[in-house]
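The values are calculated or read from the model by the stated rules, or taken from the named source; none is laboratory data. Note that the structure is predicted; figures quoted are calculated from it, not measured. Here Cβ is always computed from backbone atoms with ideal geometry, including for glycine, and neighbour counts include all displayed protein chains.
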């Protein structure tokens, strides 16, 4: 299965946070799954870190890469096709990062690993 973890899921996987659902934890670690982290999540983490809303043990450039590699997640670039796809999405969610993840999941045939109920309103499979 091709999985796209959202930002909070990535952060929870990186710290083995109890907020992570058992299904998400198992899917993120199952060797038969191809698990991806979007560049949008790296950008969101960097912004929240800069604003003082997300403390990290090291700068986000190092943190995201080291945790992504440790978790064996594949990087996923956000391209112009995914950016343009936003115009086709209904206005269920105002967060541009989450809308971008939805576009990526739809266009790349991925399941989004997220607890976000608003994302679940889009036509992309959700795992939580």
- Message: What's the total number of residues in region 31-41 that are surrounded by fewer than 20 Cβ atoms within 10 Å (Cβ to Cβ) and touching a residue at least 12 places away in the same chain (Cβ under 8 Å)?
- Response: 4
- Only one of (1) touching a strand residue (DSSP E or B) at 6+ places or on another chain (Cβ under 8 Å); (2) surrounded by 16 or more Cβ atoms within 10 Å (Cβ to Cβ) does not apply to residue 1, and that is (2)
- Message: Among the listed residues 90, 55, identify the single one that is out of contact with any strand residue (DSSP E or B) (no Cβ under 6 Å at 6 or more places or on another chain), without any contact (Cβ under 8 Å) to a residue 40 or more places away in the chain and closer than 25 Å to residue 21 by Cβ.
- Response: 55
- Task: Taking residue 63 as the residue in question, decide whether it is farther than 17 Å from residue 127 by Cα and touching a helix residue (DSSP H, G or I) at 6+ places or on another chain (Cβ under 6 Å).
- Result: no
- Condition check for residue 120: in a helix (DSSP H, G or I), in contact with a strand residue (DSSP E or B) (Cβ under 6 Å, 6 or more places away or on another chain), touching a residue at least 24 places away in the same chain (Cβ under 8 Å) and on the phi < 0 side of the Ramachandran plot: no
- Set 52, 81: member being exposed (fewer than 13 other Cβ atoms within 10 Å of the Cβ), at positive phi and either touching a helix residue (DSSP H, G or I) at 6+ places or on another chain (Cβ under 6 Å) or modelled with pLDDT of 95 or more (or both): 52
